[in-house]
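The values are calculated or read from the model by the stated rules, or taken from the named source; none is laboratory data. Computed from a prediction, not measured in an experiment: that's the story for all the values here. When we count neighbours, we look across all protein chains shown, and the Cβ atoms used for this are built from the backbone with ideal geometry, even at glycine.
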Amino acid sequence: MHTIVDLNSPTAPAQLVSACEELGFFKLTNHTISLNLMENLEDEAVKFFSLPLWKKDAAGAAPSVTAAAGLATWATSALNEYITAVKKLACELLELMAEGLGLRPRNALSKLLMDEESDLILRLNHYPPCPVSRESSSGGVTGFGEHTDPQVISILRSNNTWGLQVLPRDGRWVPVPPDQSSFFVNVGDSLQMLPALTDSPQVLTNGRFKSVKHRVLTNSLQSRVSMIFFGGPPLKERVAPLPHLMEEGEESLYREFTWCEYKATAYASKLVDNRLELFEKR
Ligand SMILES: O=C(O)CCC(=O)C(=O)O
Ligand SMILES: [Fe+2]
(Lines give C-alpha, C1' and ligand atoms only; values in the text may rest on other atoms or scores of the structure.)
(Ligands and ions follow the chains in the order given, each with its own letter.)
Protein backbone atom coordinates (compact mmCIF):
# COMPACT_ATOMS: atom_id res chain seq x y z
CA MET A 1 0.00 0.00 0.00
CA HIS A 2 1.07 3.58 -0.50
CA THR A 3 2.63 5.78 2.17
CA ILE A 4 0.61 8.45 3.93
CA VAL A 5 2.69 11.56 4.53
CA ASP A 6 1.61 14.08 7.15
CA LEU A 7 2.77 17.47 5.88
CA ASN A 8 3.16 18.69 9.47
CA SER A 9 5.31 15.82 10.63
CA PRO A 10 8.94 16.63 11.46
CA THR A 11 9.90 13.46 9.58
CA ALA A 12 8.04 14.50 6.42
CA PRO A 13 11.28 15.02 4.37
CA ALA A 14 12.51 11.46 5.00
CA GLN A 15 9.02 10.00 4.47
CA LEU A 16 8.69 11.83 1.15
CA VAL A 17 12.05 10.56 -0.07
CA SER A 18 11.29 6.93 0.75
CA ALA A 19 7.79 7.16 -0.78
CA CYS A 20 9.24 8.64 -3.98
CA GLU A 21 11.94 5.96 -4.16
CA GLU A 22 9.71 3.00 -3.39
CA LEU A 23 6.50 3.62 -5.31
CA GLY A 24 6.65 7.19 -6.58
CA PHE A 25 3.22 7.82 -5.12
CA PHE A 26 1.83 8.87 -1.74
CA LYS A 27 -1.17 10.34 -0.01
CA LEU A 28 -0.68 13.73 1.60
CA THR A 29 -2.63 14.74 4.70
CA ASN A 30 -2.69 17.91 6.78
CA HIS A 31 -2.39 20.33 3.91
CA THR A 32 -4.03 23.71 4.29
CA ILE A 33 -6.01 23.97 1.04
CA SER A 34 -9.68 24.43 1.87
CA LEU A 35 -12.02 21.50 1.23
CA ASN A 36 -14.76 24.03 0.59
CA LEU A 37 -12.77 25.56 -2.29
CA MET A 38 -12.17 22.13 -3.80
CA GLU A 39 -15.82 21.10 -3.47
CA ASN A 40 -17.04 24.32 -5.06
CA LEU A 41 -14.71 23.81 -7.99
CA GLU A 42 -15.87 20.23 -8.28
CA ASP A 43 -19.52 21.39 -8.45
CA GLU A 44 -18.67 23.81 -11.25
CA ALA A 45 -16.72 21.10 -13.07
CA VAL A 46 -19.73 18.76 -12.88
CA LYS A 47 -21.93 21.51 -14.33
CA PHE A 48 -19.43 22.03 -17.14
CA PHE A 49 -19.22 18.33 -17.95
CA SER A 50 -23.02 18.06 -18.11
CA LEU A 51 -23.25 20.69 -20.88
CA PRO A 52 -23.94 19.45 -24.41
CA LEU A 53 -20.79 18.61 -26.37
CA TRP A 54 -21.13 21.51 -28.82
CA LYS A 55 -21.24 23.96 -25.93
CA LYS A 56 -18.16 22.45 -24.28
CA ASP A 57 -16.32 22.56 -27.61
CA ALA A 58 -17.29 26.20 -28.12
CA ALA A 59 -16.25 27.08 -24.55
CA GLY A 60 -12.87 25.41 -25.10
CA ALA A 61 -12.13 27.72 -27.99
CA ALA A 62 -13.34 30.88 -26.20
CA PRO A 63 -10.97 33.21 -24.31
CA SER A 64 -12.82 32.54 -21.04
CA VAL A 65 -14.04 28.96 -20.69
CA THR A 66 -16.10 29.75 -17.61
CA ALA A 67 -17.92 32.72 -19.15
CA ALA A 68 -18.54 30.94 -22.45
CA ALA A 69 -19.93 27.89 -20.65
CA GLY A 70 -22.22 30.03 -18.52
CA LEU A 71 -20.57 28.96 -15.28
CA ALA A 72 -20.47 31.05 -12.13
CA THR A 73 -18.24 34.08 -12.56
CA TRP A 74 -16.50 33.31 -9.29
CA ALA A 75 -15.26 30.07 -10.84
CA THR A 76 -12.43 31.82 -12.67
CA SER A 77 -11.09 33.46 -9.54
CA ALA A 78 -11.62 30.27 -7.52
CA LEU A 79 -9.66 28.34 -10.14
CA ASN A 80 -6.84 30.87 -9.94
CA GLU A 81 -6.92 30.72 -6.15
CA TYR A 82 -6.70 26.93 -6.30
CA ILE A 83 -3.86 26.92 -8.84
CA THR A 84 -1.85 29.40 -6.75
CA ALA A 85 -2.37 27.33 -3.59
CA VAL A 86 -1.56 24.00 -5.19
CA LYS A 87 1.54 25.38 -6.92
CA LYS A 88 2.75 26.63 -3.53
CA LEU A 89 2.08 23.18 -2.09
CA ALA A 90 3.99 21.51 -4.96
CA CYS A 91 6.98 23.78 -4.29
CA GLU A 92 6.81 23.07 -0.57
CA LEU A 93 6.86 19.32 -1.29
CA LEU A 94 9.80 19.69 -3.67
CA GLU A 95 11.67 21.67 -1.01
CA LEU A 96 10.99 19.02 1.61
CA MET A 97 12.17 16.37 -0.87
CA ALA A 98 15.36 18.36 -1.51
CA GLU A 99 15.85 18.57 2.26
CA GLY A 100 15.30 14.81 2.59
CA LEU A 101 17.84 14.18 -0.17
CA GLY A 102 20.33 16.57 1.42
CA LEU A 103 20.25 18.72 -1.72
CA ARG A 104 21.55 22.27 -1.65
CA PRO A 105 20.18 24.77 -2.30
CA ARG A 106 16.82 23.88 -0.83
CA ASN A 107 15.05 25.22 -3.91
CA ALA A 108 17.08 23.04 -6.31
CA LEU A 109 13.88 21.28 -7.41
CA SER A 110 11.18 23.82 -6.61
CA LYS A 111 12.87 26.49 -8.71
CA LEU A 112 11.77 24.54 -11.79
CA LEU A 113 8.15 25.33 -10.89
CA MET A 114 8.86 28.80 -9.50
CA ASP A 115 10.39 29.93 -12.78
CA GLU A 116 7.98 32.36 -14.43
CA GLU A 117 8.12 30.23 -17.55
CA SER A 118 7.29 26.99 -15.73
CA ASP A 119 4.78 24.81 -17.52
CA LEU A 120 1.81 24.34 -15.18
CA ILE A 121 -1.44 22.60 -16.12
CA LEU A 122 -4.64 21.95 -14.20
CA ARG A 123 -6.68 19.09 -15.65
CA LEU A 124 -10.24 18.24 -14.67
CA ASN A 125 -11.40 14.69 -15.39
CA HIS A 126 -14.94 13.35 -15.27
CA TYR A 127 -15.74 9.65 -15.38
CA PRO A 128 -19.50 9.09 -15.61
CA PRO A 129 -20.80 5.83 -14.09
CA CYS A 130 -20.23 2.96 -16.49
CA PRO A 131 -22.71 0.12 -15.77
CA VAL A 132 -20.82 -2.36 -17.95
CA SER A 133 -18.09 -2.49 -15.34
CA ARG A 134 -20.30 -4.61 -13.07
CA GLU A 135 -20.33 -7.43 -15.59
CA SER A 136 -16.76 -7.05 -16.71
CA SER A 137 -14.51 -9.91 -15.67
CA SER A 138 -11.42 -7.69 -15.60
CA GLY A 139 -13.02 -5.74 -12.74
CA GLY A 140 -13.73 -2.51 -14.56
CA VAL A 141 -13.83 -0.51 -17.74
CA THR A 142 -10.82 1.71 -18.34
CA GLY A 143 -11.53 5.39 -17.77
CA PHE A 144 -7.94 6.57 -18.21
CA GLY A 145 -5.41 4.08 -19.58
CA GLU A 146 -2.15 3.24 -17.85
CA HIS A 147 0.56 5.87 -18.08
CA THR A 148 3.15 7.83 -16.17
CA ASP A 149 2.82 11.61 -15.96
CA PRO A 150 5.60 13.31 -17.93
CA GLN A 151 5.99 16.40 -15.69
CA VAL A 152 7.96 16.82 -12.46
CA ILE A 153 5.14 16.33 -9.95
CA SER A 154 1.37 15.75 -10.09
CA ILE A 155 -1.03 16.64 -7.28
CA LEU A 156 -4.41 14.96 -7.54
CA ARG A 157 -7.62 15.63 -5.70
CA SER A 158 -10.75 13.59 -6.40
CA ASN A 159 -14.21 13.11 -5.01
CA ASN A 160 -14.88 10.02 -2.93
CA THR A 161 -15.41 7.66 -5.89
CA TRP A 162 -13.01 4.73 -6.31
CA GLY A 163 -11.19 4.26 -9.59
CA LEU A 164 -7.53 5.25 -9.32
CA GLN A 165 -5.02 2.40 -9.34
CA VAL A 166 -1.23 2.39 -9.15
CA LEU A 167 1.26 -0.21 -10.34
CA PRO A 168 4.03 -1.11 -7.89
CA ARG A 169 7.12 -2.76 -9.28
CA ASP A 170 5.82 -6.26 -8.50
CA GLY A 171 3.44 -5.70 -11.37
CA ARG A 172 -0.02 -5.97 -9.74
CA TRP A 173 -2.45 -3.09 -9.91
CA VAL A 174 -3.44 -1.71 -6.50
CA PRO A 175 -6.69 0.26 -6.05
CA VAL A 176 -6.19 3.51 -4.14
CA PRO A 177 -8.98 4.20 -1.61
CA PRO A 178 -10.34 7.66 -2.44
CA ASP A 179 -10.12 10.47 0.10
CA GLN A 180 -11.66 13.75 -0.95
CA SER A 181 -9.94 15.78 1.76
CA SER A 182 -6.39 14.61 1.02
CA PHE A 183 -4.13 14.85 -1.99
CA PHE A 184 -2.47 12.06 -3.91
CA VAL A 185 0.92 12.96 -5.25
CA ASN A 186 2.95 11.23 -7.90
CA VAL A 187 6.46 11.56 -9.19
CA GLY A 188 6.56 12.48 -12.88
CA ASP A 189 9.06 11.33 -15.51
CA SER A 190 10.98 14.60 -15.24
CA LEU A 191 11.54 14.10 -11.52
CA GLN A 192 12.71 10.56 -12.22
CA MET A 193 15.31 12.20 -14.45
CA LEU A 194 16.16 14.59 -11.64
CA PRO A 195 19.95 14.43 -11.52
CA ALA A 196 20.04 16.11 -14.92
CA LEU A 197 17.58 18.73 -13.84
CA THR A 198 19.57 19.68 -10.78
CA ASP A 199 23.08 19.19 -12.16
CA SER A 200 23.78 17.63 -8.82
CA PRO A 201 25.76 14.37 -8.87
CA GLN A 202 25.17 13.84 -5.16
CA VAL A 203 21.58 12.85 -5.87
CA LEU A 204 22.81 9.92 -7.92
CA THR A 205 24.15 8.32 -4.80
CA ASN A 206 21.20 9.25 -2.65
CA GLY A 207 18.71 7.16 -4.56
CA ARG A 208 16.25 7.71 -7.32
CA PHE A 209 12.66 8.68 -7.52
CA LYS A 210 10.22 6.62 -9.56
CA SER A 211 7.53 7.92 -11.84
CA VAL A 212 4.65 5.59 -11.06
CA LYS A 213 2.36 3.96 -13.61
CA HIS A 214 -1.29 4.61 -12.84
CA ARG A 215 -4.71 4.30 -14.46
CA VAL A 216 -8.36 4.91 -13.66
CA LEU A 217 -11.15 2.33 -13.91
CA THR A 218 -14.71 3.58 -14.11
CA ASN A 219 -17.19 2.93 -11.35
CA SER A 220 -20.47 1.19 -12.17
CA LEU A 221 -22.64 3.42 -9.99
CA GLN A 222 -20.94 6.69 -9.12
CA SER A 223 -19.21 9.32 -11.19
CA ARG A 224 -15.64 10.25 -10.41
CA VAL A 225 -14.39 13.81 -10.68
CA SER A 226 -10.71 14.61 -10.31
CA MET A 227 -8.54 17.71 -10.55
CA ILE A 228 -4.87 17.21 -11.20
CA PHE A 229 -2.18 19.87 -11.04
CA PHE A 230 0.82 19.02 -13.20
CA GLY A 231 3.97 20.96 -12.37
CA GLY A 232 6.40 21.02 -15.29
CA PRO A 233 9.68 22.85 -15.88
CA PRO A 234 10.05 25.72 -18.38
CA LEU A 235 9.77 24.44 -21.96
CA LYS A 236 13.40 25.19 -22.76
CA GLU A 237 14.69 23.35 -19.67
CA ARG A 238 17.14 20.57 -20.44
CA VAL A 239 15.95 17.11 -19.47
CA ALA A 240 18.54 14.37 -19.69
CA PRO A 241 19.22 10.66 -19.56
CA LEU A 242 17.91 8.34 -16.92
CA PRO A 243 20.93 7.62 -14.76
CA HIS A 244 19.77 4.12 -13.82
CA LEU A 245 20.26 3.09 -17.44
CA MET A 246 23.94 3.87 -17.24
CA GLU A 247 26.87 2.16 -15.61
CA GLU A 248 29.48 4.40 -14.06
CA GLY A 249 31.53 5.99 -16.80
CA GLU A 250 29.27 4.59 -19.49
CA GLU A 251 28.19 6.91 -22.23
CA SER A 252 24.56 7.91 -22.27
CA LEU A 253 22.29 5.93 -24.55
CA TYR A 254 20.15 8.97 -24.98
CA ARG A 255 20.63 12.24 -26.68
CA GLU A 256 19.86 15.34 -24.70
CA PHE A 257 16.43 16.81 -25.01
CA THR A 258 14.38 19.65 -23.63
CA TRP A 259 11.14 19.46 -21.66
CA CYS A 260 9.41 20.92 -24.71
CA GLU A 261 10.57 17.99 -26.87
CA TYR A 262 9.75 15.41 -24.22
CA LYS A 263 6.30 16.86 -23.61
CA ALA A 264 5.49 16.99 -27.32
CA THR A 265 6.52 13.34 -27.65
CA ALA A 266 4.60 12.32 -24.51
CA TYR A 267 1.35 13.83 -25.71
CA ALA A 268 1.76 12.58 -29.28
CA SER A 269 2.45 8.98 -28.24
CA LYS A 270 0.03 6.37 -26.93
CA LEU A 271 -0.31 6.39 -23.16
CA VAL A 272 1.53 3.11 -22.63
CA ASP A 273 4.33 3.73 -25.14
CA ASN A 274 7.91 3.75 -23.95
CA ARG A 275 8.64 7.35 -24.86
CA LEU A 276 12.28 7.22 -23.89
CA GLU A 277 13.05 4.80 -26.74
CA LEU A 278 12.37 7.69 -29.05
CA PHE A 279 15.28 9.56 -27.53
CA GLU A 280 17.83 6.78 -27.94
CA LYS A 281 20.98 7.67 -29.85
CA ARG A 282 20.94 5.86 -33.17
O1 LIG B 1 -8.48 11.12 -12.86
C2 LIG B 1 -7.66 10.58 -12.14
O3 LIG B 1 -7.92 10.19 -11.01
C4 LIG B 1 -6.23 10.41 -12.63
C5 LIG B 1 -6.04 10.95 -14.01
C6 LIG B 1 -4.63 10.99 -14.45
O7 LIG B 1 -3.84 10.16 -14.10
C8 LIG B 1 -4.17 12.10 -15.31
O9 LIG B 1 -4.99 12.97 -15.67
O10 LIG B 1 -2.97 12.13 -15.63
FE1 LIG C 1 -1.82 10.68 -14.66
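Some notes on this structure:
- Failed condition for M97, given (1) away from ligand 1 (no atom under 16 Å from the Cβ); (2) part of a loop (DSSP other than H, G, I, E, B): (2)
- Odd one out for A59 among (1) closer than 30 Å to A98 by Cα; (2) free of Cβ contacts under 8 Å to residues at least 40 places away in the same chain; (3) surrounded by 14 or more Cβ atoms within 10 Å (Cβ to Cβ): (1)
- Only listed residue being surrounded by fewer than 19 Cβ atoms within 10 Å (Cβ to Cβ), of a type outside the set (K, R) and at positive phi, chosen from N36, N8, N30: N30
- Residue in the range 137-147 that is within 13 Å of ligand 2 (Cβ to nearest atom), at pLDDT below 95 and within 12 Å of R224 (Cβ to Cβ) present: yes
- When each of L204, L245, L221 is tested for being surrounded by 14 or more Cβ atoms within 10 Å (Cβ to Cβ) and either at pLDDT 85 or above or of a type outside the set (S, T, Y) (or both), the lone residue that passes is L204.
- Selected residue (criterion: surrounded by the most Cβ atoms within 10 Å (Cβ to Cβ)) from residues of the range 138-160 that are under 9 Å from L217 (Cβ atoms) and either within 10 Å of ligand 1 (Cβ to nearest atom) or under 11 Å from the mean Cα position of the chain (by Cα) (or both): G143
- Here D179 clears all of (1) modelled with pLDDT of 85 or more; (2) of a type outside the set (G, A, S); (3) within 22 Å of E21 (Cα to Cα); (4) away from ligand 2 (no atom under 16 Å from the Cβ) except the condition numbered (3).
- All told, A75 falls short of being more than 16 Å from ligand 1 (Cβ to nearest atom), of a type in the set (A, V, I, L, M, F, W, C), touching a residue at least 60 places away in the same chain (Cβ under 8 Å) and in contact with a Ser or Thr (Cβ under 6 Å, 6 or more places away or on another chain).
- Any hit, the range 119-127, residues being more than 14 Å from the chain's Cα centre (by Cα), under 26 Å from S223 (Cα atoms) and crowded, with 18+ Cβ neighbours inside 10 Å: yes
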